[in-house]
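One structure is given below, encoded as structure tokens.
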Amino acid sequence: MSKKPSPWIIILCLLCGITISLLLAFVAVQIARTPSPNGTVDPMRLNQSEFRQLGLIPTSPHHYILRIVAKEWFFDFGQTRDAPAIITIPQHSTVTLITTSMDVLHSLKITGQPSITIIPGKIQQQIIVFDTPQIYTIQCGAYCGPKHNQMQLTLVITPAQE
Ligand SMILES: [Cu+2]
């Protein structure tokens, strides 16, 4: 004769199940938020890769690719070295930021976003939605040599045209 399980055991099992599901969902969200290397690229042959086209590239309305190569000691988005490092993006844009390093380890830190470690040979990709007009300063967050402090870039999110 089998004994019916007590209702408390059933409730306990349900609670355990819910807790485990919530934990798994939390871990999945954390993993999704953490930028991970997406593919590899030969740092010596960046001009034969997708990184031959740098900067902000529109892909569809409100969607852009922003390709940046970090190098000692600037973030190269196709600008000349002495031009002001400013990228203008319209409000309500979804930007797929794609980065790599040409030389040493760098890191790209946008205020309010997890910093992205940029490793030579690895392609890092992250999708960022810019909904509010704002000015962001991007900095290198990994000490990469004497002019590390100069690795800065300004992102200007401009108000949408009425
Ligand atoms: Cu640095």
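Values in this text are rule-based calculations from the coordinates and carry no lab data. Please read these numbers as outputs of a predicted model, since none were measured by experiment. Because the Cβ atoms are built from the backbone with ideal geometry, glycine has one as well, and the counts that use them run over all protein chains shown.
What number, in percent, do you get for the relative contact order of the stretch 37-158 if the mean sequence gap of Cα pairs under 8 Å and at least 6 apart is divided by its residue count?
Here the relative contact order equals 28 percent.
Give the angle, between 0 and 90 degrees and rounded to the nearest 10, that separates the Cα long axis of helix 7-33 from the longest principal axis of the Cα atoms of the chain.
Approximately 10 degrees, to the nearest 10.
Given the peptides 9-20, 78-89, arrange them by the average over their residues of other C-beta atoms within 10 Å, most packed first.
78-89, 9-20
At 7 Å along the Cα-to-beta-carbon direction for both residue 149 and residue 24, put a label point, then send me their distance in nm to one decimal.
That separation, rounded to one decimal, is 5.0 nm.
Count the DSSP beta bridges whose two residues both fall in the stretch 21-149, then state the antiparallel fraction as a percent rounded to the nearest 5.
Here the antiparallel bridges make up roughly 70 percent for the stretch 21-149.
Using each residue's phi in the stretch 48-59, evaluate 6.51 cos²θ - 1.76 cosθ + 1.60 at θ = phi - 60° and report the 3J(HN,Hα) Karplus result to the nearest Hz, with x for Gly and Pro.
Running phi through 6.51 cos²θ - 1.76 cosθ + 1.60 with θ = phi - 60° gives 10, 10, 4, 7, 6, 10, 10, x, 8, 10, x, 10 Hz.
Run the helix sum for the chain: -39,500 (n - 2.57) per DSSP H stretch of 4+ residues, divided by residue count, reported at 222 nm to the nearest 500 deg cm²/dmol.
-6000 deg cm²/dmol
Mind pulling up the Rg/Rh value for the chain? Radius of gyration and Kirkwood radius, both on Cα.
Across the chain, the Cα-based Rg/Rh ratio is 1.21.
Tell me which residues come under 5 Å, amide H to amide H, from residue 40 once H is placed; ignore anything under 5 positions away on its chain.
123
From the backbone phi of the stretch 88-96, what are the Karplus-calculated ³J(HN,Hα) couplings (6.51 cos²θ - 1.76 cosθ + 1.60, θ = phi - 60°) in whole Hz, Gly and Pro given as x?
9, 10, x, 3, 6, 9, 9, 10, 8
For the chain, what is the charge dipole size about the Cα centre, in debye to the nearest 20, if Lys and Arg each add +1 at the Cβ and Asp and Glu each add -1 at the Cβ?
Here the size comes out at about 600 debye.
From the square roots a ≥ b ≥ c of the eigenvalues of the alpha-carbon gyration tensor of the stretch 69-162, which class results: rounded (a/c under 1.5), prolate (a/b over b/c), or oblate?
In terms of gyration-tensor shape, prolate.
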